[in-house]
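Heads up: the structure comes next, in structure tokens.
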Amino acid sequence: MECTRIPFPAPHTERQIVSIELPRPKYISFDVIGTLIYFEMRKTVEPLLADRITGDDFEAFYNRFRLDRYDEIMEYRPYEEILDRAFRRTAARFDVEVRESDVATILEDMRGWGAHPDVPAALATMAEHFPLVALSNADDSHLANFIPRLGAPFHTVITAEQTRAYKPRHQAFDHMLKQLDAKPEDFLHISSHQLYDHVPMSELGFTNKVFLDRGYDPDLPHYGAVRMTSLDEVNRALGIA
């Protein structure tokens, strides 16, 4: 359930606007947290630590917390444990006091996160044409909370708790293929997270991919995902808008 926010330079020229057509898939699969649900970790963590770390020190702390979360998910544990271990690792690096309530506060705030504004209507349109699949770095309880906020029915919901692996582990994608008796070419996969989704998927033969740019990851066109900025744009490219 992770988002990577990596600084990168703005392009020197405006992105050329071109008409894009996407192949029509058998399934449309999604990352959920960050891609469909607005990832508000900073909004939660910054005030939580306001009396312990501020300014440039907080920026360094928050970036390292991102890296430590990414490192922790390479071995499966329930997400609460991932978050706790990563938070304590980062706090130790910065000599920041850890309070027993810190992770509980983050998890409680997380339960209140809602959908990006462009999601409900566009997703409902997609669901009229394609079976929707969620492939999320989250526990079952998180998805039971988030999926009803998205405004569309999902054919299949797959969590890290079910696969016993977090993306970018190949085990997560293999589980999806096996559960649906499908092949990589059956999917259009939409994610805001290149490092968690599109990089490993390119290695596994998923060629129909959309990088839904929410500002978390840089565009990495080498890995074959088409950059778009809203689900409405995706629908137009699928010819269903």
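Couple of notes before you dig in:
- Residue that is most open to solvent (accessible area, probe 1.4 Å) [pool: residues in segment 120-153 that are of a type in the set (Asp, Glu) and over 24 Å from Gly239 (Cβ atoms)]: Asp140
- Selection count, segment 175-201, where residues are free of Cβ contacts under 8 Å to residues at least 24 places away in the same chain and either open to solvent by less than 10 Å² (accessible area, probe 1.4 Å) or under 24 Å from Glu72 (Cβ atoms) (or both): 1
- Only one of Ile73, Ile33 that is in contact (Cβ under 8 Å) with a residue 12 or more places away in the chain, open to solvent by less than 10 Å² (accessible area, probe 1.4 Å), under 24 Å from Phe211 (Cβ atoms) and not assigned by the TED database to the domain that holds Phe154: Ile73
- Count - residues of segment 203-227 that are of a type in the set (Phe, Trp, Tyr), in contact with a helix residue (DSSP H, G or I) (Cβ under 8 Å, 6 or more places away or on another chain) and open to solvent by less than 20 Å² (accessible area, probe 1.4 Å): 2
- Any chance Ile20 is open to solvent by 10 Å² or more (accessible area, probe 1.4 Å) and either outside any loop (DSSP other than H, G, I, E, B) or out of contact with any strand residue (DSSP E or B) (no Cβ under 9 Å at 6 or more places or on another chain) (or both): no
- Among residues of segment 36-51, those that are modelled with pLDDT of 95 or more, open to solvent by less than 30 Å² (accessible area, probe 1.4 Å) and part of a loop (DSSP other than H, G, I, E, B), counted: 2
- Condition met for Ala121 (in contact with a Ser or Thr (Cβ under 8 Å, 6 or more places away or on another chain) and under 24 Å from Arg214 (Cβ atoms)): no
- Test: Phe206 is assigned to a helix (DSSP H, G or I), modelled with pLDDT of 95 or more and on the phi < 0 side of the Ramachandran plot: no
- Some residue of segment 195-202 being within 23 Å of Ala122 (Cβ to Cβ), out of contact with any helix residue (DSSP H, G or I) (no Cβ under 7 Å at 6 or more places or on another chain) and not in a loop (DSSP other than H, G, I, E, B): yes
- Scanning segment 120-138 for residues that are β-branched (Val, Ile, Thr) and not in a helix (DSSP H, G or I) yields a single hit, Val133.
- Number of residues in segment 52-70 that are open to solvent by less than 80 Å² (accessible area, probe 1.4 Å), in contact (Cβ under 8 Å) with a residue 12 or more places away in the chain and either farther than 22 Å from Leu195 by Cβ or in the same structural domain as Ala172 (by the TED database) (or both) equals 3.
- Residue count for segment 164-175, restricted to those that are part of a helix (DSSP H, G or I) and more than 16 Å from the chain's Cα centre (by Cα): 3
- Every test in (1) in a helix (DSSP H, G or I); (2) among the aliphatic types (A, V, I, L, M); (3) modelled with pLDDT of 95 or more; (4) within 23 Å of Met41 (Cβ to Cβ) is passed by Ile190 save one, and that test is (1).
- Residue count for segment 139-163, restricted to those that are at negative phi and not in a helix (DSSP H, G or I): 10.
- Residues satisfying the stated conditions in segment 76-119, i.e. in a helix (DSSP H, G or I) and surrounded by fewer than 17 Cβ atoms within 10 Å (Cβ to Cβ): Glu80, Glu81, Arg88, Arg89, Ala92, Arg93, Ala104, Thr105, Leu107, Glu108, Asp109
The values are calculated or read from the model by the stated rules, or taken from the named source; none is laboratory data. Predicted model only: the values in this text are computed from it and were never measured. Note: ideal-geometry Cβ built from the backbone for every residue, glycine included; neighbour counts use all protein chains shown. Accessible surface areas use protein heavy atoms only, side chains included; no ligands, DNA or RNA. Shrake-Rupley method; radii C 1.70, N 1.55, O 1.52, S 1.80 Å.
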